[in-house]
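For reference, the structure is listed below as structure tokens.
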Amino acid sequence: MTDLCSLTLKEAIDVAKKDGPQSILEAFQRRAAAVNPRLNAFLRFDPSQSSVVLPPERLPLAGVPVSIKDNICIDGREVTCASKILAKHVPPYDATVIEKLKTAGATLFGTCNMDEFAFGSSCETSAFGPCRNPWDLERVPGGSSGGSAASVAADMTLAALGSDTGGSIRQPAALCGVVGVKPTYGRVSRYGLIAFGSSFDQIGPITKTVEDAAILLNVISGHDPKDSTSSPEAAPDFTQSLNRDVKGLRIGLPKEYFIEGIDPEIEKSVRAAADIYRKLGAEIKTISLPHTEHSVSVYYIVAVAEASSNLGRFDGVEYGLRVPSKDLREMYFETRDQGFGQEAKRRILLGTFVLSAGYYEAYYLKGQKVRTLIRQDFEKAFKEVDVILSPTSPTAAFKIGEKVSDPVAMYLSDIFTIPANLAGIPAMSLPCGFTSGGLPIGMQLMARPFDEATMLRAAYAFEQETGIYKKKPLL
Amino acid sequence: MSFDTSSAFGQNGGTSNPLLRILMEFKIERVAELSRLNLKSEEKQKLEKDLGAILSYVEKLSALDTTGVEPTSHVLNMENVFRKDEAKTSDAAEKALVHAPRADGRFFKVPKIVHRD
């Protein structure tokens, strides 16, 4: 019998529909127990908490395990955002995506490690210890959804949900050699996702294959009256778009994404992917997204401003940590100082500063205007091409500790993923090769708003042509 | 609203080194106060240096001409999303109080707000 943990989500659903999910669940429990001490990808995976809807065999997900990033609320289960300030917090309701997963018959299995409040690109800012990359335990899995990507790559789970504010699904997917999709802003409800940057945040799947991502997108997409930024746009059946036909598809290579500073092995691998698309009949064009270099600056103004506002609610009054103090004011100050880690404090301070009187126009308003220019870059580009192909990250997985002391260097690791969040367009990462040192390389595809279908079709064609996803880390 | 660097940097707008200018303006004590963070002295220096470096990096935006450009606060073309104003039963309030750091009946309980002299 084949190792159940190495199945794709699609394959596991087929097995579970026939034989029930129990043997699959047990296999993943054993695998997670054996591997997690080395990876720290799951913060918690108490099997007794696995809530399975019985009998699940007739439901679309048939009771198979799906893991959840620790910033998505599950009724009655602790959620921490990997922060001391929320430790022991138990939300009284399900996020809409959780409700949808339960209805589809998923077993919620394993809570995934992350950067504290999703602030980071390496999973090192977690208050509960860093998560490690299954391909090299001395290296980061990327972030902030590092635990989601590492657990999928290590076969500790079938698939996971992450959240993406500036690349937090796609960058760890690239660094761990798995598929990660950030849907169009508004495609998936944010209700029950603990907010970081409300005009950027999107929940999306991290999976072993493109088909698995389409299956989960089908489950979690759709309008939600509980989220005022949820789009009424109807969601198609994404699995229907998975054919290998890219003949005549116009694919753009943005020249600003192949610049100095990008690892030559990454550039070579992504350009080789373009050649494969050309061979499959797609048309490859060089395009320009002229304001790309400003995207990191815009993001670190506008997203931190939203973050500082969203994190105002953590003050020791209603939930989470409360540091006993003589009066209310001191309680706010001490709870926040002791509860938040250094990166959270950096972003709260920066966000508060750029929103403060006298600086609002120079920073926040200026950032929002440049955001418009970046959106317009994409609008123009999508008149010429159907999808945009680029590297996901300028480097492969870096060493733990390598960038911790230099926040600007850390922020620049998101330079290729941030623009899609600024423009609200769908984007995904999928494996396209390996470095000479054996680390995974990810390529990014971006598409027009609400055109995930074309993006997934292009991804599926490449994946099926190359079969790169079949290689697994040795653990 | 127009972008004007002199208003953003007040009387210190004349310093030519952007990092120096930002550090003169970025008063960690003041921002920490607004952020409700009781920073310890050993944290302050490092955070001040980091934030100076980040602000100096984002400074290059000011060179970009954005005259006549509308700001983007949101990417969806949706406005005024309302739901029907209907009463519904909910147990959210009781459930929320269960996990509060301190609660008393229907209320969150907090330490004294005003002290008597």
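Values in this text are rule-based calculations from the coordinates and carry no lab data. It should be emphasised that the depicted structure is a prediction, and the values quoted were computed from it without experimental measurement. Positions of Cβ are backbone-derived with ideal geometry, glycine not excepted, and every protein chain shown enters the neighbour counts.
Side notes on the structure shown:
- Compactness of segment A:4-248, expressed as Rg and Dmax over alpha-carbon positions, Å: 16.3, 53
- The alpha carbon radius of gyration of segment A:374-414, expressed as a multiple of 2.2 N^0.38 Å, is 1.68.
- Across A:Lys84/A:Lys471; A:Lys403/A:Lys470; A:Lys182/A:Lys471; A:Lys69/A:Lys472, pairs whose alpha-carbon gap is larger than 27 Å: A:Lys84/A:Lys471; A:Lys403/A:Lys470
- Cα convex hull, segment A:1-149: 107 Å³ per residue, rounded to a whole number.
- Radius of gyration (Cα atoms) of the protein assembly as shown, expressed as a multiple of 2.2 N^0.38 Å: 0.94.
- Bins of 5 Å, starting at 0 and running to the largest distance - Cα pair percent for segment A:359-475: 2, 10, 16, 18, 18, 15, 12, 6, 3, 1, 0
- With Cα atoms defining each centre, segment B:45-117 and segment A:350-419 are spaced 21 Å apart in the structure.
- Footprinting exposure proxy for A:Phe416, B:Phe26 (fewest neighbouring C-beta atoms within 10 Å first): B:Phe26, A:Phe416
- When cysteine pairs in chain A are screened for C-beta atoms closer than 4.7 angstrom, the residues that find no partner are A:Cys5, A:Cys73, A:Cys81, A:Cys112, A:Cys176, A:Cys432.
- Per-selection metrics, segment A:292-441 (Cα): Rg and Dmax in Å: 19.2, 63
- Segment B:80-85 - phi-based ³J(HN,Hα) in whole Hz, Karplus 6.51/-1.76/1.60, Gly and Pro as x: 6, 7, 10, 10, 5, 7
- Set of lysines with alpha-carbon distance to A:Lys366 below 18 Å, sequence-local pairs under 8 removed: B:Lys60
- Amide H contacts for A:Asp94 (H built 1.01 Å from N in the peptide plane; partners 5 or more residues away or on another chain; cut-off under 5 Å): A:Asp75.
- From the largest down, segment A:179-298 spans 44, 38, 24 angstrom on the principal axes of its Cα atoms.
- Cα-centre dipole for the protein assembly as shown with unit charges at Cβ (Lys and Arg positive, Asp and Glu negative), debye to 20: 500
- For the protein assembly as shown, DSSP calls about 70 percent of its internal beta bridges antiparallel.
- Treating each Cα of segment A:230-277 as one equal point scatterer and applying the Debye formula with no solvent, the log10 of I(q)/I(0) at q = 0.18, 0.27, 0.30, 0.33 Å⁻¹ comes out as -0.79, -1.04, -1.16, -1.27.
- Altogether, the Stokes-Einstein calculation at 25 °C and 0.890 mPa s, with the Kirkwood radius of segment A:248-380 over Cα pairs as Rh, returns a diffusion coefficient of 133 µm²/s.
- In terms of surrounding Cβ atoms within a 10 Å radius of their Cβ, A:Thr80, A:Thr8 rank from fewest to most as A:Thr8, A:Thr80.
- Alpha-carbon gyration tensor eigenvalues x 5, square-rooted, for segment B:34-117, Å: 40, 31, 12
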